[in-house]
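In what follows, a structure is listed as structure tokens, so that the remarks can point back to it.
The values are calculated or read from the model by the stated rules, or taken from the named source; none is laboratory data. Here the structure is a predicted model, which means the values were calculated and not measured. Quick reminder, even Gly has a Cβ in these numbers, built from the backbone with ideal geometry, and neighbours come from all protein chains shown.
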Amino acid sequence: MKKPLAKISNVSVDLFPNGAPFTVLENISLDIFQGETLGLIGETGCGKSMTAWLLLDMLPGNGKIINGSVWFKGKDVTDSSRTLLRGKNIAMIFQDPLRALNPVHTVGKQFVTILKSRFGIDNQEARSMALKWIKRVRLDSPEDILLRYPHQFSGGQMQRLMIAIAMSIKPDLLIADEPTTALDATLKTYTLDLINSIRKEEDISVLLISHNLNLIANYCEKIAVMYNGTIVENGNADHILEKPKHPYTQGLINALPKGNKKRLISIEGSTPTVNNKQSGCRFEPRCTEAIPICKTSTPQLFDVTSESQVFCHHYSKENKVL
């Protein structure tokens, strides 16, 4: 059986912003396989970026794993050894590319420094490699670009620069956290097409984080749906998009514009605070399909088909009604 490149197994994470524990992820599990793109979807504040920081060992607020394990290439990296993966095996494109670079140094100085550290090469070789990657992301005048500072670029240019820097270290896994947030519709497609093209050429795995289900549908082989710090459904992208099982996933898909549909169907209520210690299913307060057990018991994982898994009481043998 094929083993995943990266595996998060039943992990819970607490932050300690004021000394007291604050749960932000609870019992999440994800598998990312070599060469595939996994889409992580959910409303703002559901824990998607926290999952990325977990993989990079960059949890804020003195955060730590309180149960579960993280694996990379078959090795348990739950402890601080995940730090060694950053900038070598795992790279990330952040939501705000301007904040990802130091504003007081030129792009060239930072790009060259990253490549020298990653590959142990000299200035000349690193500069040559940086120029090649700038050309590869289709930016004009690469020599001039290396002399400029981050604030001298547009949002689209900065995003392409971040793709070049992230891909240049030849990571096994690229995390793209809302990589098109500040871009217009045309640049969104262009940027994701670029990431997808290089992914295929380099056989890189991608974790694509977004709240835009249309983008996820176009670029991902698999999808994991997050709600309030937990995974509620995951599996084959086509299967989940065509036949969503969890009421939350169904709500997200029903809210999308379709054909001549004049009125969008929204999910009632709003996403609660992630540190929600309520008993039972976390989606129960907003779920139109809730049954009594949803209030009192946390749903377990059910293999609905060979293509998808869902955490929902409706798929237990006792309550199978959906």
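Structure values in brief
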| read-out | value |
| --- | --- |
| Residue selected from region 1-46 under the condition among the acidic types (Asp, Glu) and either exposed (fewer than 15 other Cβ atoms within 10 Å of the Cβ) or part of a strand (DSSP E or B) (or both), by the criterion nearest to the chain's Cα centre (by Cα) | Asp31 |
| Any chance Thr106 is under 30 Å from Ile32 (Cβ atoms), of a type in the set (Ser, Thr, Tyr), out of contact with any Cys (no Cβ under 8 Å at 6 or more places or on another chain) and at pLDDT 95 or above | no |
| Flag if Thr181 is more than 25 Å from Thr113 (Cβ to Cβ), among the hydroxyl-bearing types (Ser, Thr, Tyr) and under 16 Å from the mean Cα position of the chain (by Cα) | yes |
| Qualifying positions in region 226-252 - closer than 17 Å to Ile265 by Cβ and either of a type in the set (S, T, N, Q) or in contact with an Asp or Glu (Cβ under 6 Å, 6 or more places away or on another chain) (or both) | His246, Pro247, Thr249, Gln250 |
| Test: Leu59 is assigned to a loop (DSSP other than H, G, I, E, B) and either of a type in the set (Phe, Trp, Tyr) or modelled with pLDDT of 90 or more (or both) | yes |
| Region 152-197, subset aliphatic (A, V, I, L, M) and closer than 23 Å to Lys7 by Cα, residue surrounded by the fewest Cβ atoms within 10 Å (Cβ to Cβ) | Ile169 |
| Test: residue in region 44-55 that is touching a His at 6+ places or on another chain (Cβ under 8 Å), of a type outside the set (D, E, K, R), at pLDDT below 95 and closer than 30 Å to Ile267 by Cβ | yes |
| Strands (runs of 3 or more DSSP E) wholly inside region 211-312 that include at least 2 residues being out of contact with any Gly (no Cβ under 9 Å at 6 or more places or on another chain) | 230-236, 301-305 |
| Positions within region 117-156 being modelled with pLDDT of 95 or more, part of a loop (DSSP other than H, G, I, E, B) and aliphatic (A, V, I, L, M), in sequence order | Ile121 |
